[in-house]
Ligand SMILES: Cc1cc2nc3c(=O)[nH]c(=O)nc-3n(C[C@H](O)[C@H](O)[C@H](O)COP(=O)(O)OP(=O)(O)OC[C@H]3O[C@@H](n4cnc5c(N)ncnc54)[C@H](O)[C@@H]3O)c2cc1C
């Protein structure tokens, strides 16, 4: 009788999990092992394209690569992993059938991060996150509907609150979203004759005194200049204290009339990794440079959920790789190689990747980027940013669709919405149709998706 094939189970089909599964499939010999991918979504979401989805520059499906089609030979279980029992070598999964336990010989945890809402009054109930396709679509709908509603609102306070948008957090996601959204609202003004540019307010708050200092080379300042040219009111060393119906109180005690708060100020490791009972570093699962857990050589972890030491740096103790797609998509194949080496009784190799720098798309012909330490802005940075994402998107069909989308959208966004939000809801505060994180979490829903299940229903 031939021995049972080892079972490799991957949790999470995002950047890390997708590229790990693809590498395993390509490298595994016939009948060498079974690969199962547990994912709560059916696509690999290319999150850096979310701002383009939010402003309608590309179709939302372009940013999601279908797992089953892109990963032939991998068994995909659509469900949410709820617990990992490392003693029993089992993952509990909540799925449409109620639930199942999936046993593994090798486990790769790649569930990414979740939006971390701070414990501020009203924030959990009233702010919108920006990490999923649903949230990107919801935001677009919200902004369009509020412009629509404000243009026919006679009460000046309500009118101003409807078209005041506060974004908290000026990391790359917050900066990209605000820059692109501010450009979108300005370009849409000809469709809203009753509104003027001076009325539409975009506020970008950042708790520190500079934005994106990790870019270096004065690129944060350049991004600031682009934002301010688009009339974005960027407040440094300022964040929010509380959110209530129709107003936001800032840390300098200013009260801003505003119905939309977008939270881009924090991501934390997916709480699933805490269910392993294994050591964590600020919520991320501690792994060796070989991407496995010390003392548990059959448990691997990568991406935003893992604290992967950066061995290219000489600091002591070693710094942890930042939570970026750039790392996750390389850690995936590195973990796959090490799982294979382990199955084949070969030595494991440490993960090593020197940061290539960041690319930040500001919309239009504006971007800032620092490829291999070289500061770029304006159209050279834009070409690089577009080229990089198109190259990295793991689907040639989607690459072509994205190019066509960009070419057609140009500087002329349209204001077609899907009717996910009624005008009455748009005029009301977000509070009246948002669901708090805590309520959702206690209901057992994934926090990242808390807005997808109810808010989009009229
Ligand atoms: C708006 C935005 C822009 C960004 N831009 C950039 C950029 O320009 N460059 C860059 O390098 N990085 C960027 N990032 C960060 C980057 O997207 C993340 O670092 C990267 O996605 C992390 O990869 P991951 O595999 O760890 O997690 P993810 O890609 O988030 O994948 C995790 C997957 O696991 C699934 N999952 C979660 N929990 C469970 C569960 N319990 N059971 C089953 N499945 C589960 C999720 O649905 C998801 O599919 C951006 C992020 C955002 C939000």
Which of the residues belonging to the stretch 354-364 are within 13 Å of the ligand (Cβ to nearest atom) and either crowded, with 17+ Cβ neighbours inside 10 Å or over 15 Å from residue 388 (Cβ atoms) (or both)? 355, 357, 358, 359, 360, 361, 362
Could you give me the residue pairs with C-beta distances under 9 Å whose first residue belongs to the stretch 264-280 and is without any contact (Cβ under 8 Å) to a residue 24 or more places away in the chain, whose second residue is away from the ligand (no atom under 12 Å from the Cβ) and part of a loop (DSSP other than H, G, I, E, B) wherever it lies, and which are 6+ apart or on separate chains? 274/283; 279/294
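Give the residues of the stretch 323-362 that are part of a helix (DSSP H, G or I) and in contact with a strand residue (DSSP E or B) (Cβ under 6 Å, 6 or more places away or on another chain), sorted by residue number.
Keep residues of the stretch 323-362 that are part of a helix (DSSP H, G or I), which gives 325-343.
Within the stretch 323-362, 335, 339 qualify.
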So, in the stretch 294-307, of the ones that are within 16 Å of the ligand (Cβ to nearest atom) and out of contact with any helix residue (DSSP H, G or I) (no Cβ under 6 Å at 6 or more places or on another chain), which residue ends up farthest from residue 10 (Cα to Cα)? 307
Would you kindly identify the strands (runs of 3 or more DSSP E) lying entirely within the stretch 1-59 that contain at least 2 residues that are surrounded by fewer than 24 Cβ atoms within 10 Å (Cβ to Cβ)? 34-39, 43-45
Output yes when any residue across the stretch 34-48 is more than 12 Å from the ligand (Cβ to nearest atom) and on the phi < 0 side of the Ramachandran plot, and no when none is. yes
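Only one of 116, 4, 68, 90 is more than 10 Å from the ligand (Cβ to nearest atom), touching a strand residue (DSSP E or B) at 6+ places or on another chain (Cβ under 7 Å) and modelled with pLDDT under 95. Can you tell me which?
116
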Candidates 214, 221 - the one that is within 15 Å of the ligand (Cβ to nearest atom), out of contact with any strand residue (DSSP E or B) (no Cβ under 8 Å at 6 or more places or on another chain) and over 14 Å from residue 109 (Cα atoms): 214
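Residues checked against (1) surrounded by fewer than 21 Cβ atoms within 10 Å (Cβ to Cβ); (2) within 17 Å of residue 60 (Cα to Cα); (3) touching a residue at least 24 places away in the same chain (Cβ under 8 Å):
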position	(1), (2), (3)
119	yes, no, no
124	no, no, yes
127	no, no, yes
135	no, yes, yes
147	no, no, yes
151	yes, no, yes
155	yes, no, no
Is the stretch 344-365 home to any residue that is under 27 Å from residue 227 (Cα atoms) and more than 21 Å from the chain's Cα centre (by Cα)? yes
When (1) surrounded by fewer than 20 Cβ atoms within 10 Å (Cβ to Cβ); (2) modelled with pLDDT of 95 or more are applied to residue 314, the one that fails is (2)
Filter the stretch 73-117 down to the residues that are farther than 19 Å from residue 339 by Cα and in contact with a helix residue (DSSP H, G or I) (Cβ under 7 Å, 6 or more places away or on another chain), then identify the one that is surrounded by the most Cβ atoms within 10 Å (Cβ to Cβ). 112
Tabulated pairs, the stretch 5-30, first within 18 Å of residue 292 (Cα to Cα) and without any contact (Cβ under 8 Å) to a residue 24 or more places away in the chain, second away from the ligand (no atom under 16 Å from the Cβ) and part of a loop (DSSP other than H, G, I, E, B), C-beta under 6 angstrom, 6+ apart or interchain: none
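The values are calculated or read from the model by the stated rules, or taken from the named source; none is laboratory data. As the structure is a computational prediction, the values presented were derived from the model and not from experiment. So basically every Cβ, Gly included, is an ideal-geometry build from the backbone, and we count neighbours across all protein chains shown.
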